[in-house]
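The values are calculated or read from the model by the stated rules, or taken from the named source; none is laboratory data. What you are looking at is a predicted structure, and each value in this text was computed from that prediction instead of being measured. Virtual Cβ from ideal backbone geometry, glycine too; neighbours counted across all protein chains shown. Keep in mind that these areas ignore ligands, DNA and RNA; they rest on the heavy atoms of the full protein, side chains included. Shrake-Rupley method; radii C 1.70, N 1.55, O 1.52, S 1.80 Å.
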Amino acid sequence: MNKQTKESPIVDVQNMSKSFGSTQVLKSVNLSVQPSEVMCLIGPSGSGKSTLLRCIAFLEQYSGGNVFIEGEMLGYNDNTDVRKLTSTNELNHVRRNMGMVFQQFNLWPHMTALGNVTEALVRVKKFSRREANEKGHAILAKVGLAERAMHYPAQLSGGQQQRVAIARSLAMEPSVMLFDEPTSALDPELVGEVLQVMKDLASEGMTMIVVTHEMGFAAQVADTVVFLDQGEILVKGSPQEIFQGEKPPRLEQFLKNYMDRNAFWE
Amino acid sequence: MKTNKIVTPLKIALLGLTTVLAATSAQADVLSDVKSKGELIIGTELHFAPFDFLDNGKHAGLNKDFFTEVGKELGVKISYVDLPWPSVLPGLEASKFDMVGGPVTITKERMKRYNFSLPIADASVALLKRKGNSAVTKPEDIAGKPVGAGKGSSQAAQLEDFSTSLETPAEIKLYVDNNSAYSEIMTGRVVAVANSLPNIAYVASQHKNFEVVLPPFGKKTYYGYVTRKNTDSESLLKAINDIIVKMKADGRMEDIQVKWFGNPMDLPTDMIVPQI
Amino acid sequence: MLDFSTLPVALPLLWDGVQMTLFLSLMAVVLGLMVGVLMCLARLSSHYAVRFFAQLYISLFRGVPLLVQLMVTYYCLPLIGINIPALVAATACIGLCASAYMTEILRGGFLSLPTGQKESATMVGLNQFQVLLFIELPQVIRLTIPGIINEAILLVKASSLISAVGITELTRISQNLASSNFQPFEFYLTAAGIYFIINSMISAFGFWLEARINRRVIA
Amino acid sequence: MTFDIQVIIDHLPEIASGFGLTILCTVVAALIAMVLGLFVALGLMSKAAVFRYPVRLYVEIIRGTPFLIQLFLLYYGGPSFGLYLEPIEAGIIGLAIYCSAYFAELFRSGFNSISLGQLEAAQIMGFSKISVLWRIQIPQMMVLITPGLVNICIILGKETTILSIVTVPELAFVLTGIGSETYAYAETLTVLAISYLILSELTARFGSWTEKRLSKYMERSI
């Protein structure tokens, strides 16, 4: 593992490229996220934003470029000329700083909410069951689910499930949280409760990368908004710059479509 | 030779279909039925050399030769149904064939349930062992050792009686199939297998790995063919017995005995009273 | 150690056995599917008594080993005056046994069809029987091909028990040859090889069929 | 025809011991087969072809040949290769090997039906492969495959009739023995049929009870 010294972004993506077969889905993407920064990735479907997030988490392998998490290189050994996958241990070592929340929640259906939150504490962080449960209860309370600790995922609403998933990631005390369209699978009236938890997290200074279609959330919470199109970063800037300033036509059209879809009263 | 071929199962079934309808409906005489349909169906198991077995892929043995003569005498075709031994007597009772042509040891118990023909071979029990096995040189040597026998056979019963007469009884293992038992001699799981002398003598003569332990032990017993114990079958039984007597008189019986046992076999000419 | 020199002589006999094995298995699959469809409908019926009967049927034929079913049919029924020829008894037993399993396989297929299909078919004016025959059954068969193929392979193997009623199929021929030549392993290995080839062919046929049907449906 | 229940009553101790042995063989073989089947399933899903192909061949051979022949080769052929097994050992091991192939395919389908996302969630939290297998995959797979598992156990239970050929005194061996001794074929066969019916029915009941309990909180459609 190779320390980066020049500055200290929490996530540093350098020249990342990825192809599925002959289609290139990421074209030399550069991105860095500073501590406490909230970055929202927006873009049309197929633009590569989810793929980018999954590559940052190394759930997908990429063909070129590097990712550094808190200065440590993720996924590959760069000491040699040939790119070589790191061992699972090294991978987990770098990933300990990262939490991820998925569109489909991906809770473990055979465990209670508390079980979902505490499992990794026991298995990975080697907490005792007691310590893990204490911590689990505290975090569930934080996402507003103190009463639901003993419920199984199937007994929870989508919004509640997603909050459990957030709690599950938070329990590991990551320095950056990745959100992959966390509200896309939810009924509209359940979106708010999840976004509220995310807003609270942001205001507490959590570093976050959020792939989202919720422009309102991006506008209110993000420090940086990144617009991806066809595997490239087209525009990057503050919410004001993205949503109010001069826009390239592609972004203009994307936002117009979004507004049309969401307008229900002229 | 078409008549000598083992009937294909399909044919048996088709024939079965026609005969069954007759068998269930009429309380007719088995012999006249056999004659009218021109076929005598024999139930047996083709695992019992030298009585019934496959020789170069063809059914051969003493029974085969005997029933070929029966076919000539009665002027009917002979068909065989090959069954695992435990199914043979139930099959007879269920009228799946006219008689059992695999040799069955004549016992008191069985005589209560079935009718037997005149003895057709000696069924005395002896032991088969691995050639050169010096641990077993006489029947008594099996004391305390594992010995195999055919499940449900009278030889197994005789072996059990003999075994309890020994100081330490033998450890008796029962096999569904005689030949599995014989292979156990080679695997070493049993030191010997008890079966009727003609059978093991033939096995020993054909396979150089085996040897018969003499003398035979237990009571003198004989093999006979079996029919159902009812009035319908009596005429068939009588016809078979008549043919046995006739074949003894004209020397045909001796010919097939020499062919399959190596020498003529002296057998009672009247119905015996079984000792077991 | 193994000596296969007697095998050439035995091949014609083994071939007879293979034919019988294939015949029995084919009959079992056909009979099993036909009775299976009926039983499956009974199982999904809205009448309690019909459902109960189907359930009983399935329990009976799945619960009792085929060997025992055969023995009872062949050796016990004649004692109460029902005399069935060997091949009929064998085909019936293996077929009915197969039908119990087929019922459950097909039921899984019926249950996995979306209800909307049936509703839309009824709305365009097809009657219940037409819906079953033209809409549901073709799809169910397609969906359950892997299960049916699996069952066919089990049936090929199950047919080895049929020798108990005096029908000479592949296993019985091998046993006869094994004991007459006193070469059990050679003949059992040969039989195992033949079964393996038959079942591999059935399996390959299943994949081919599935690919073919899926291509037509999806394309 | 008379149906003489006295024959059965007279031989009740033997029948009971045969019944016990049948259950013993089924249960022990099922347990071994499950463990063996799990390893075989992992082999089938292995990324390494050198590993995957031989295991696939094993499964296909076991599933493609009758149990009768496998057991015969194991028991009577084993000694030629220095493998001496007692009848019951051979019966249990033979059954276990036979069913391991079926269990393996079942396990594999169970593993495949667990959503990939759940595993990714565990992966990103730093779980070891063993932890994922033991805590996430196996518990869910077991629930998903309970119906299939019960089916195989019923098949396994019925295959015990074949253990007769290696002299295991299980139920069928005992009852056919009594049948040929006393000629009470109908009686013994009826008892045999009913005993197996009871066994299968109990297995099925136990299966659906377990399934209900296990899937109480789990969504069936994952």
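Just a few scattered comments:
- Only lysines eight or more places from B:Lys77 in sequence, or on another chain, were considered; those with a Cα closer than 16 Å are B:Lys2, B:Lys5, B:Lys11, B:Lys35, B:Lys37, B:Lys64.
- Restricting the calculation to alpha carbons of chain C gives Rg and Dmax of 20.7, 71 angstrom.
- Based on the convex hull around the alpha carbon atoms, region C:108-219 presents an average projected area of 9.6 nm².
- Simple spin-label estimate for A:Ala138 and C:Phe4 in nanometres, 7 Å along Cα-Cβ: 7.2 nm
- For a paramagnetic label modelled on A:Asn262 (point 7 Å from Cα along Cα→Cβ), amide N atoms under 11 Å away belong, within region A:216-235, to A:216-220.
- Alpha-carbon centroids, region A:210-227 and region D:100-178: separation in whole Å: 47 Å
- Multiplying each eigenvalue of the alpha-carbon gyration tensor of the protein assembly as shown by 5 and taking the square root yields semi-axes of 74, 30, 24 Å, largest first, rounded to whole angstroms.
- Residues considered: A:Val94, A:Val225, A:Val164. Largest GNM mean-square fluctuation over chain A, using C-alpha springs under 10 Å, is found at A:Val94.
- Chains B and C, summed buried accessible surface - 1.4 Å probe, Å², nearest 100: 2600 Å²
- Normalised by 2.2 N^0.38 Å, with N the number of residues, the alpha-carbon radius of gyration of region C:25-113 equals 1.15.
- From the C-alpha gyration tensor of chain D, square roots of 5λ in Å: 39, 23, 12
- For region B:32-147, the Stokes-Einstein estimate of translational diffusion at 10 °C and a viscosity of 1.306 mPa s comes to 97 µm²/s, using the Kirkwood hydrodynamic radius over alpha-carbon pairs.
- Portion, in percent, of the accessible area of region A:124-239 that falls on carbon or sulfur, probe 1.4 Å: 46 percent
- Positions from region B:73-101 whose accessible area shrinks by 30 Å² or more when the full protein complex is built, not the chain alone, probe 1.4 Å: B:Asp82, B:Leu83, B:Pro84, B:Ser87, B:Pro90, B:Glu93, B:Ala94, B:Lys96
- Accessible carbon and sulfur surface of region D:38-89 relative to its total accessible area, %, 1.4 Å: 72 percent
- Helical segments meeting 27 Å axial Cα length and Kyte-Doolittle -0.5 threshold in chain B (DSSP H): B:231-250
- Taking all protein chains as they are arranged and a probe of 1.4 Å, the heavy atoms of B:Met186 leave approximately 60 Å² accessible to solvent.
- Rounded to the nearest 0.05, the FRET efficiency derived from the C-beta distance between B:Asp29 and D:Ser215 at R0 = 56 Å is 0.30.
- Selected from C:Met201, C:Met123, C:Met102 as most flexible by GNM, with chain C as the system and alpha-carbon contacts under 10 Å: C:Met123
- The residues of region C:1-109 expose on average 42 square angstrom of accessible surface per residue, using a 1.4 Å probe on protein heavy atoms.
- Dipole magnitude of the protein assembly as shown about its Cα centre (Cβ charges: Lys, Arg +1; Asp, Glu -1), debye to nearest 20: 600 debye
- Å³ per residue enclosed by the Cα convex hull of region A:104-173: 75 Å³
- The protein assembly as shown - share of DSSP beta bridges that are antiparallel (%, nearest 5): 55 percent
- When D:Glu120, D:Glu211 are compared by accessible surface with a 1.4 Å probe, the order from highest to lowest is D:Glu211, D:Glu120.
- Bins of 10 Å from zero: percent of alpha-carbon pairs in region B:82-221: 12, 42, 32, 12, 1
- Estimated distance in nm for a label pair at D:Ser113 and D:Ile198, the labels positioned 7 Å out from Cα along Cα-to-Cβ: 3.3 nm
- Taking label points 7 Å from Cα along the Cα-to-Cβ direction, A:Lys84 and A:Asp223 give a separation of 3.7 nm.
- Built amide H within the under 5 Å cut-off of A:Met73, gap 5+: A:Asn2
- Cross-link partners of B:Lys108 among aspartates and glutamates (Cα-Cα below 15 Å; sequence separation of 8 or more within a chain): D:Glu181
- Alpha-carbon Rg/Rh ratio, for chain B, with Rh computed the Kirkwood way: 0.98
- Lys pairs, region B:125-217 - Cα-Cα below 20 angstrom, 8 or more residues apart or on other chains: 11
- Value of Rg to Rh for region D:100-222, rounded to two decimals, is 1.19; Kirkwood radius and Rg both from alpha-carbon coordinates.
- Label point 7 Å beyond Cα of B:Met271 along Cβ direction - residues of region B:95-129 with amide nitrogen under 12 Å: B:111-119
- Think of a 1.4 Å ball rolled over the protein heavy atoms: chain B then has 40 Å² of accessible area per residue.
- Counting only heavy atoms of the protein chains and using a 1.4 Å probe, C:Leu79 has close to 60 Å² of accessible surface.
- Average projection area in nm² (convex hull over Cα atoms of chain A, one quarter of hull surface): 15.8 nm²
- Protein-only accessible surface order, largest first, of B:His207, A:His213 at 1.4 Å: A:His213, B:His207
- In this structure, the amide hydrogen of A:Glu60, modeled 1.01 Å from its nitrogen in the peptide plane, lies closer than 5 angstrom to those of A:Cys55, counting only residues at least 5 positions away or on a different chain.
- The A:Phe20 and A:Ala146 beta-carbon pair, evaluated with R₀ = 51 Å, returns a calculated FRET efficiency of approximately 0.75.
- Long hydrophobic helices in chain C: the complete DSSP H runs spanning 18 Å or more by Cα along their own axis with mean Kyte-Doolittle hydropathy of at least 1.6 are C:7-43.
- Calculated diffusion of region D:67-160, Stokes-Einstein form, Kirkwood radius summed over Cα pairs, 4 °C and 1.567 mPa s, µm²/s: 83 µm²/s
- Note on region B:109-143 and region C:1-77: Cα centroid distance 39 Å, given to the nearest whole angstrom.
- Region D:7-72-region C:149-219 distance, computed between alpha-carbon centres (Å): 19 Å
- Degrees between helix D:12-44 axis and first principal axis of chain D (Cα, 0 to 90, nearest 10): 20 degrees
- At an R0 of 30 angstrom, the distance between the Cβ atoms of C:Ser112 and A:Arg129 translates into a FRET efficiency of 0.15.
- Of all lysines in the structure, those lying under 19 Å Cα to Cα from D:Lys47, and not within fewer than 8 positions of it along the same chain, are A:Lys84, D:Lys129.
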